[in-house]
1. Please report Ile358, Ile104, Ile411 as a ranked list, fewest other C-beta atoms within 10 angstrom at the top and most at the bottom.
2. Take the range 126-306, compute every pairwise Cα distance, and split them into 10 Å bins from 0; I just need the percent in each bin.
3. Lysines within cross-link reach of Lys340: Cα-Cα under 18 Å, excluding same-chain residues under 8 positions apart?
4. If packing is taken as the average count of other Cβ atoms within 10 Å, what order do 170-181, 215-226 fall into, highest mean first?
5. Could you run the Karplus curve 6.51 cos²θ - 1.76 cosθ + 1.60 with θ = phi - 60° over the range 118-135 and give me ³J(HN,Hα) per residue in whole Hz, x for Gly and Pro?
6. About the Cα centre of the chain, what is the dipole size in debye to 20, counting +1 per Lys and Arg Cβ and -1 per Asp and Glu Cβ, all else neutral?
7. Using a cut-off of 23 Å between alpha-carbon atoms, which lysines can reach Lys383, once sequence neighbours fewer than 8 places away in the same chain are excluded?
8. Taking 51 Å as R0, compute the FRET efficiency from the Cβ-Cβ separation of Arg319 and Asp352 and round it to 0.05.
Amino acid sequence: MSTVNVKNTAYKFGNPIHFQNLLSPAARDAIHESDAVIDFYFNHPNVPMFVAKKLIQRFTGSNPSPRYIKRVSDAFRSGSFTTRNVKFGDDTYGNLEATLAAVILEREARSVILDADPVAGSMREPALKIISFLRAMEFVKREQSPQLRIRWEGIGNLPYNADSVFGFFEDAYAGSNNLALAKLVSPEKSAIDSVSTISFLNAMSSLIENGITSCYGGLGDETTRECWRFNQGSDNSFDKDRQSRGKLTFLPRKPENGAIVVREMTLLLTGGRMNASSRNLLESAYNEEFIEKGSDAAIRLLQRLFLYTPEYHSTGVFRPNGFERELDEPSESFPEEDYKAVVYFFLNGGIDGYNVLIPHSDCGSKDMFEQYQTVRGNNALSKTSLSNTLINAAASSQVCDTFGVHSSIPILKQLYDDGKQ
């Protein structure tokens with residue numbers, strides 16, 4: 001090893017050691033040099049603390065105390081961790097059994113009192129929320145489906161595609177809010193924004209209603225181009241199960257008892273951390289849906305509602321502050337002046353405009369519906385299918401006074417009848 005002196009200064013530094021013979025380099029020497037570098041980094045005194053904090057943030061909480069980090073660092077350094085006379089590890093530096101035991105079993109990770117601290121816990125990363133939901137709600141893959149492929153891109157947490165070698169998240173990230181003012185951090189928040197949050201909720205709602213499919217922002221690959229048929233409850237020709245890669249099969253022990261169902265799902269999806277006020281709201285919503293539409297619809301509603309609770313998106317304990325959020329009442333008066341609105345429809349494929357608004361009857365001397373049937377052939381809709389979506393267009397200058405709207409878009413009839421279209 002030689003020393004390099006910086007000219008005209010008092011500074012100097014050691015030349016890095018290398019095992020390579022610069023005149024005749026060999027692969028063996030490169031391997032030895034790489035091993036030496038890795039050993040140097042691995043045994044650096046900062047490594048135990050760095051690894052300890054990273055593991056704690058991933059497994060328990062974003063803001064561990066210095067004592068907690070030291071306990072895990074000591075377990076990494078000594079290769080041993082003992083709790084309640086049970087020893088983990090083999091006394092070897094860097095032993096992960098001892099390190100992870102310290103992360104999970106250390107008292108700060110298990111304290112019920114600390115759970116009530118607003119600083120405790122962390123936000124859950126999107127990929128883990130999806131995987132835990134699939135497990136808790138008993139997802140079953142369709143036997144005929146190929147290997148299950150989940151599209152993670154839209155939720156901002158694509159496995160094996162982190163922006164940094166250190167992981168998906170910045171361990172010191174706080175954002176410009178009260179966390180930063182309190183000198184606290186929330187690493188998972190660095191990968192979450194409004195777009196990925198909405199994408200996540202859309203994907204999970206599609207999973208609950210349709211299974212693993214690409215429809216309506218779903219998590220799966222494309223299984224059908226007729227996504228609209230998922231919402232056709234009376235369409236017996238469309239097998240929803242065959243058009244997805246799998247579905248949720250969770251069935252509570254006593255679906256007729258809302259309190260038991262909520263308690264069971266609270267344990268499965270939030271570790272039993274749901275506050276009493278939220279449980280009561282969920283129970284009320286479940287019971288109403290159960291009476292009106294049955295247990296299957298009530299379970300799906302409850303699964304969707306859990307997605308909007310803070311306990312599902314974090315590992316902390318929440319308590320209502322007793323204040324109701326003020327909501328602005330919608331105005332009942334609208335400006336009188338005319339205006340024009342441009343409405344964009346983004347659809348897979350093209351909308352069949354000739355089957356959106358169909359001439360039905362009261363067309364003067366001409367039978368426009370017969371002409372429509374002649375032109376459209378097998379694609380023509382029957383008058384029976386339009387019976388519930390007829391609109392009165394007598395006040396317009398159209399060729400017919402009565403038109404039919406396609407049964408899959410009854411909202412157009414409602415808007416027309418309300419004078420909003």
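Only the coordinates and a few stated rules stand behind these numbers; no lab work does. As the structure is a computational prediction, the values presented were derived from the model and not from experiment. Neighbour counts run over all protein chains shown; Cβ positions are idealised from the backbone, glycine included.
1. Ile411, Ile104, Ile358
2. Final binned percentages: 9, 30, 33, 21, 7, 1.
3. Candidates past the 8-residue exclusion: Lys420.
4. 215-226, 170-181
5. x, 7, 6, x, 7, 6, 8, 6, x, 4, 5, 5, 5, 4, 5, 5, 4, 6
6. 1740 debye
7. Qualifying lysines at Cα under 23 Å: Lys366, Lys413.
8. The computed FRET efficiency comes out at 0.45.
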